[in-house]
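The values are calculated or read from the model by the stated rules, or taken from the named source; none is laboratory data. Everything numeric here is computed off the predicted structure, so don't read it as measured data. Methodologically, a virtual Cβ is constructed for each residue, glycine included, from the backbone with ideal geometry; neighbour enumeration extends over all protein chains shown.
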Amino acid sequence: MSAFDTEVYRKQARDWLEEYAPAFSKAATGERTADEDFALGQKWQKTKFKAGYGAITFPKEYGGSEGHVVEKLIFAEEELRFDTPQYFNTSLGMPVPMLIRYGTEEQKRALVTPALRGDQLWCQLFSEPNAGSDLAALRMRARREGDSWILSGQKLWTTWAQYADYGIVLVRHDDSLPKHKGLTMFFVDMRAPGITVRPVRPLHGQTSINEVFFDDVRVPDIQRMGEVGAGFRVALETLMIERYTVSDVSGYGPSVRDFMQLARSVTCGGVSALENPAARQVIVDTLVQDVGLNEIHARALQSIAEGKEPGPEGSIRKLVVSGKRQRLAAAAMDLMGADGVAIDPAAEMNESFQASWIRAPAGRVAGGTDEILKNTIAERVLGLPQDYRPDKGVPYRELEG
Amino acid sequence: MSAFDTEVYRKQARDWLEEYAPAFSKAATGERTADEDFALGQKWQKTKFKAGYGAITFPKEYGGSEGHVVEKLIFAEEELRFDTPQYFNTSLGMPVPMLIRYGTEEQKRALVTPALRGDQLWCQLFSEPNAGSDLAALRMRARREGDSWILSGQKLWTTWAQYADYGIVLVRHDDSLPKHKGLTMFFVDMRAPGITVRPVRPLHGQTSINEVFFDDVRVPDIQRMGEVGAGFRVALETLMIERYTVSDVSGYGPSVRDFMQLARSVTCGGVSALENPAARQVIVDTLVQDVGLNEIHARALQSIAEGKEPGPEGSIRKLVVSGKRQRLAAAAMDLMGADGVAIDPAAEMNESFQASWIRAPAGRVAGGTDEILKNTIAERVLGLPQDYRPDKGVPYRELEG
Amino acid sequence: MDELAAVLTETGAVAAPLAFAQSYAICRALERWGSPDQKDRYVESLASGEQRCALALSEPGDSSPLATGSVIYKDGLISGRKKAVPCALESRLAMVSVRMGDSLQSRLALVDLDADSCRLTRINTIDATRRVANIEFENADADLLEESDVLRTVSEAATFTALEQLGAARECLQMSVNYALERKAFGQVIGKFQAIKHKLADMYANIEIAGGNAAVALDRLDDRAGWPLHSACARYSAIQALEFAATETIQVHGAMGCTWESNCHLFYRRSRALALELGAVDFWSQRIIHEFGKSAEVAV
Amino acid sequence: MDELAAVLTETGAVAAPLAFAQSYAICRALERWGSPDQKDRYVESLASGEQRCALALSEPGDSSPLATGSVIYKDGLISGRKKAVPCALESRLAMVSVRMGDSLQSRLALVDLDADSCRLTRINTIDATRRVANIEFENADADLLEESDVLRTVSEAATFTALEQLGAARECLQMSVNYALERKAFGQVIGKFQAIKHKLADMYANIEIAGGNAAVALDRLDDRAGWPLHSACARYSAIQALEFAATETIQVHGAMGCTWESNCHLFYRRSRALALELGAVDFWSQRIIHEFGKSAEVAV
């Protein structure tokens, strides 16, 4: 796409959002229960879908727009300006594209469109209590029984499992193989007998994550995604689908501009907080990081629009953003002094430094810890070798603990 | 020793130093060539030795004072206030105590007293081009020939080798053994045929370090220190002799007080540098580290005086000090602006922020890099496990590279 | 003093829902500046724990713990507002910093919180384990400590709080070490990874530096020259040490650390609450510069 | 602009003993503010490299690169002192910031350094690869750029220097990666240790952030609104990125990095020299705050 086309698209997207998005904001609807919020999220997805913005890169045969990936990124960027209810990012980001790649014709005809339209939601059942950063260490078992598989075990950190209709699940079908080789992927009906969803109380208030228990859950072999034993490769492969995503440069917290406003409005011992050395340092560091990341993002969008791979520098974004957000929020609370402890329980994390701070630890863990991200940059971008891996090639069942 | 005794000793030491040390300072003697400086260093050691301060903890039979180790620490602390020429810290710190432990009666009678008196200097030949942090990786070979050993190879980073009369040297006598097991320790006459000393130009001007080449140097077996194959253990053991040493809390650079003076005296755009946020941050951080380290040191001295082991918190000193010094020096140069690049080539590192900054990298490497020190703290103090070591138990010659 | 330090660090280590450090500073203020009458009235019941007393310093509109522009003392009565006072709801008394009439002088005064002239409003905070309230005084009876010095009491409270913070930081370090020895990833315990080892070594170094500063401050508490600088250093380094320890303890625990299943979040919350309630880090940083600049000769 | 950026980063990567970035800023100043006459006199020979021109900004007694209290312009002549001017000894000309008589206004002027009225004194510096001199003017003939704006030229020089700094930082990163792939300790290449991997990942992240800032600044060079903020951001982030890269590259190289046997020390020295010569990091940090505070809408 040319720079001109992308700007035309951006303008259209912005105009559409300005007309439709405000009705879905907190300001318009007031306080909502969790279930009301999810219902509104479904409605918003349906509204976008009807207008051609809900499934921008998906095939037309399922109701998608078959647009350029840069259109999806531009729309996501513009949507960040509004506080619309977000539930379908995971669902449409990985499970549904996997269904399109690995599902049967019949499955796809039945399931893809409802998922794109927001009638149904898919979740992703990967992590377990002992398998976080090291996903391939997962334990959940699958044993073959005729045309079916029987799944037993526990998944953890499953986002929106409580609303999910389907889920993709990674399980161990053979523990005599090395850890990465004994895994297989399936999709499951989340209402199947034997599945129990239990919300996990996160550090902050809102419950989006769950434990999911599988107690002899029967899954037909036809719901297998990819070959038996290919599960880990399939998971990685899918992580690569449209892996460039749009995120808020402030990490979904208040911005450096908000911080500047705050610093202007408060004093310590009668002196403006804008004279506070620590505050000045945080402003400068945050601003410089924002400017740098935005430029890297703009360059990536341009590459994608031209059909090229974006540069490796995009890989620093999550690492930089999540640390930055935590520091900015803590520094803001420092400026407020004793009052800094006060938190409005209903505040969104981008409205309140306290809400942002309380969610910041999850930001530094979910989707790759700081430590894993640095390893990834060192290995994939700089070409340094992998760490020592004593588990390599060892049958899973021989790994202790 | 009681707190009272230590204070009496400190008073005596201070009085003595105030009388004798100033004559050895730069101010008293003016510019000196390298050789003149060394000669003065020898004279200073002799002066201390005569007064009972040159070999405080050494046995009386060799001219030592058989004093308490805390006396040595107190004297070293007081001596830090004067810019006396320092050459014998290494010599008396490790090689000479080793000689006393492993030498024959005849060797000790001949060599210990001249070393304590400063007539002779001992160096320590451990590191090699490929064996720094990983000392046991050293290559230098020793092969047995009758009652002697023939040493060949290269040592690196040997401090004051150009002035040394003797050296202790760690070599590999058997490369079929795992790396730590095939090492043996000797002492050598630095004037023996086959030894060549070549100075290494350090980042800063002054040349204290050397490469030392061994070309079929014959060493009688009687100069072996400890058993054949015990070299690494002997080296470690000796490192534990009086391992608590005194160092300047500013890392031999200018102090935070000097920095404060500087900040008071310069401006940027007409505003006092004392208003500079970065400068304020550096002052606070440095001061707090100094206060903390000094308290830890005082506590350690007290333990030692009471005959107890000092606490593990002393292990943070070198790590904290060397980073602190580098930051303080760079920040000071920042305050000076364009003038900050100017360096007086004759300045001592504790007089000039530039001289301190230029030597700071060596401070973060010599005597354990930051990274090795953190590993050591994690393992010895916190009880975390050792890193993965693929070289463990593998015959040296099978290790690639 | 060693006993006091032990109690305070222990209080910190369990993230106890108390303001013990502040109580102790309050007792010292009464001992130092109270009239014989005032001592009779308060000291025993406070020291025995029979009665509790909150320390009410911060005011709306300014983040300094010394700010006394809102609450005014006149003829034995005070009016005005204090904000975010920890443990006020559990206390019968409050020690309140007040401005003396129209002067610029400030003093401490004791106020009975049960009186109708005091209105307490609980506020929601990040640290749910300690209740915090705003207080509004309207002609409340106030028992003035004539010679009192607000900065001194704030500094003493900060020194004692530093010991609590140290106790909490040491507990975080221990939790992290334990977890690192037990949790596995990529075929080994995570305590074998340098990223974890070096993080914990840094945590240890910070804590020991803070420990040294707290020891010096405690030692100099009654030293005319030393306390202003050293209490500030103790406070500053304790804030930094606990903030790093609490934040990185969650990081070491990974996803588990981000839930109520582990105790990490209690220390994360408490670290911030303690960092804010007696003046934030920059207030103390400025105090250090000020005092260091004045001191001709300090113990560094 | 892409070509310019390439040349500048290359200059930085070899730690060339030039002040190319400053020369380019000087040419732009002449193009922008020079009279037709002045352009005729200087532009061609400067642009072709036939003649060299140093940028003389800093003055004794104040660390701001904008300080113009010492060198005074009056009736076509200047007197006063400039300090630590890089490459002055190799240059025939200097572009000098001057104060206009008794006013508070400052301007740029061109001065022939070969004249007897200019006395240059070489000073010893930490970066031996570039010669640096103090200059004393005594009624030296000065060719004034009437409408010139010192801040603008300093900011442009800072932007171009940021590209040199970036080039140097990238070179440090590459040297470190190469060494980490080759040097062994404890039975494996040191590039396998997380301490090294994470240090280099941090170095990379800093460099890319600085790269983004430099690209924006270069892009906004002729943008009326954008340049004050973005040149400051480019300068600030480039100083930080190179300082970290140069310092930690020595650390990765260990003892070898501390000698003249490796090139690490050239970049360590250069990193500091470049960090100081156009105003140190705090000057630019203050500028960022100032400009960000003013800007109603900037590109963040």
Checklist entry - For residues in the stretch A:40-66 being closer than 29 Å to A:V169 by Cα and small (G, A, S), which is surrounded by the most Cβ atoms within 10 Å (Cβ to Cβ)? => result A:A55
Item to check | Identity of the residue in the stretch D:95-135, farther than 16 Å from D:A54 by Cα and assigned to a strand (DSSP E or B), that ends up nearest to the other protein chains (Cβ to nearest Cβ) | outcome: D:T125
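So which of D:E147, D:E138 ends up being of a type in the set (D, E, K, R) and assigned to a strand (DSSP E or B)?
D:E138
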Next on the checklist: Among the listed residues B:L156, B:L116, identify the single one that is farther than 30 Å from B:T29 by Cβ, surrounded by 19 or more Cβ atoms within 10 Å (Cβ to Cβ) and touching a residue at least 24 places away in the same chain (Cβ under 8 Å).
Outcome noted: B:L156
Checklist entry - Only one of (1) buried (at least 22 other Cβ atoms within 10 Å of the Cβ); (2) under 23 Å from the mean Cα position of the chain (by Cα) is not met by B:S208, so which one is it? => result (1)
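Quickly run through the stretch C:248-276 and pick out the residues that are of a type in the set (S, T, N, Q), under 24 Å from C:H198 (Cα atoms) and at the interface with another protein chain (Cβ under 7 Å from one of its Cβ atoms). Please lay out each step first, then the result.
Residues of the stretch C:248-276 that are of a type in the set (S, T, N, Q), as a first pass: C:249, C:251, C:259, C:262-263, C:271.
From what's left, under 24 Å from C:H198 (Cα atoms): C:249, C:251, C:262-263, C:271.
Selection gives C:Q251 alone.
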Item to check | Of residues in the stretch C:217-244 being among the acidic types (D, E) and not in a helix (DSSP H, G or I), the one nearest to the other protein chains (Cβ to nearest Cβ) | outcome: C:D223
Checklist entry - Is there any pair linking a residue in the stretch D:245-270 that is in a helix (DSSP H, G or I) to one that is among the aromatic types (F, W, Y), with Cβ under 7 Å and at least six apart or on different chains, and which? => result D:A246/D:F267; D:A246/D:Y268; D:T247/D:Y268; D:T249/D:F267; D:I250/D:Y268; D:V252/D:Y179; D:H253/D:Y179; D:A255/B:W157
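Of the residues in the stretch A:366-390, how many are modelled with pLDDT under 90 and at the interface with chain C (Cβ under 10 Å from one of its Cβ atoms)?
4
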Checklist entry - Of all residues in the stretch B:24-35 being touching a helix residue (DSSP H, G or I) at 6+ places or on another chain (Cβ under 8 Å) and part of a helix (DSSP H, G or I), which is nearest to B:A300 (Cα to Cα)? => result B:F24
Checklist entry - Got at least one residue in the stretch C:269-276 being out of contact with any His (no Cβ under 6 Å at 6 or more places or on another chain) and under 25 Å from B:N276 (Cβ atoms)? => result yes
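So which residues in the stretch A:280-307 are of a type in the set (A, V, I, L, M) and either touching a strand residue (DSSP E or B) at 6+ places or on another chain (Cβ under 8 Å) or more than 7 Å from every other protein chain (Cβ to nearest Cβ) (or both)?
Hits for the stretch A:280-307 are A:V282, A:A298, A:A300, A:L301, A:I304, A:A305.
Return yes when B:R397 is charged (D, E, K, R), at the interface with chain D (Cβ under 7 Å from one of its Cβ atoms) and in contact (Cβ under 8 Å) with a residue 24 or more places away in the chain and no when it is not.
no
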Next on the checklist: Name the single residue that is farthest from A:G153 (Cα to Cα) among those in the stretch A:177-205 being surrounded by fewer than 22 Cβ atoms within 10 Å (Cβ to Cβ) and of a type in the set (D, E, K, R).
Outcome noted: A:R201
Checklist entry - Hey, any hits in the stretch C:201-210 for a residue that's surrounded by fewer than 23 Cβ atoms within 10 Å (Cβ to Cβ) and out of contact with any Lys or Arg (no Cβ under 9 Å at 6 or more places or on another chain)? => result no
Next on the checklist: Taking the criterion of being in contact with a strand residue (DSSP E or B) (Cβ under 8 Å, 6 or more places away or on another chain) and free of Cβ contacts under 8 Å to residues at least 60 places away in the same chain, would at least one residue in the stretch A:346-355 satisfy it?
Outcome noted: yes
Item to check | the stretch A:244-290: number of residues that are surrounded by 20 or more Cβ atoms within 10 Å (Cβ to Cβ), more than 28 Å from D:I207 (Cβ to Cβ) and among the charged types (D, E, K, R) | outcome: 0
Next on the checklist: Can you go through D:G49, D:G80 and tell me which one is free of Cβ contacts under 8 Å to residues at least 60 places away in the same chain, surrounded by 16 or more Cβ atoms within 10 Å (Cβ to Cβ) and at positive phi?
Outcome noted: D:G80
Checklist entry - What about C:A5, is it within 14 Å of chain A (Cβ to nearest Cβ), under 21 Å from C:L274 (Cβ atoms) and out of contact with any Asp or Glu (no Cβ under 9 Å at 6 or more places or on another chain)? => result no
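Mind counting the residues in the stretch C:79-94 that are in a strand (DSSP E or B) and more than 14 Å from the chain's Cα centre (by Cα)?
Residues flagged as in a strand (DSSP E or B) and more than 14 Å from the chain's Cα centre (by Cα) within the stretch C:79-94 amount to 7.
Assess whether D:E164 counts as being of a type in the set (D, E), buried (at least 24 other Cβ atoms within 10 Å of the Cβ) and modelled with pLDDT of 95 or more.
When the stated conditions are applied, D:E164 passes them.
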Checklist outcome for this item: Conditions (1) surrounded by fewer than 20 Cβ atoms within 10 Å (Cβ to Cβ); (2) closer than 26 Å to A:F187 by Cα -> A:K26 fails only (2)
Next on the checklist: Would you confirm whether or not the stretch C:199-213 contains a residue that is assigned to a helix (DSSP H, G or I), among the hydroxyl-bearing types (S, T, Y) and more than 7 Å from every other protein chain (Cβ to nearest Cβ)?
Outcome noted: no
Checklist entry - Restricting attention to the stretch B:114-137, does a residue exist that is hydroxyl-bearing (S, T, Y) and assigned to a loop (DSSP other than H, G, I, E, B)? => result yes
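A quick yes/no check of all residues on (1) touching a residue at least 60 places away in the same chain (Cβ under 8 Å); (2) part of a loop (DSSP other than H, G, I, E, B); (3) farther than 25 Å from A:A161 by Cβ:
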residue: A:L17; (1), (2), (3): yes, no, yes
residue: A:A21; (1), (2), (3): yes, no, yes
residue: A:K46; (1), (2), (3): yes, no, no
residue: A:G54; (1), (2), (3): yes, yes, no
residue: A:P97; (1), (2), (3): yes, no, no
Next on the checklist: Which numbered condition in (1) facing chain D (nearest Cβ under 10 Å); (2) farther than 14 Å from B:G251 by Cα is the only one that B:R359 fails?
Outcome noted: (2)
Checklist entry - (1) more than 7 Å from chain C (Cβ to nearest Cβ); (2) modelled with pLDDT under 90: which one isn't true of A:P345, the others all being true? => result (1)
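Going by what's in this entry, would A:G337 be described as surrounded by fewer than 19 Cβ atoms within 10 Å (Cβ to Cβ), modelled with pLDDT under 95 and within 13 Å of chain C (Cβ to nearest Cβ)?
no
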Item to check | Residues of the stretch C:101-110 that turn out to be at pLDDT 95 or above and out of contact with any helix residue (DSSP H, G or I) (no Cβ under 9 Å at 6 or more places or on another chain), as a count | outcome: 1
Next on the checklist: Only one of A:S315, A:S303 is hydroxyl-bearing (S, T, Y) and under 22 Å from the mean Cα position of the chain (by Cα). Can you tell me which?
Outcome noted: A:S315
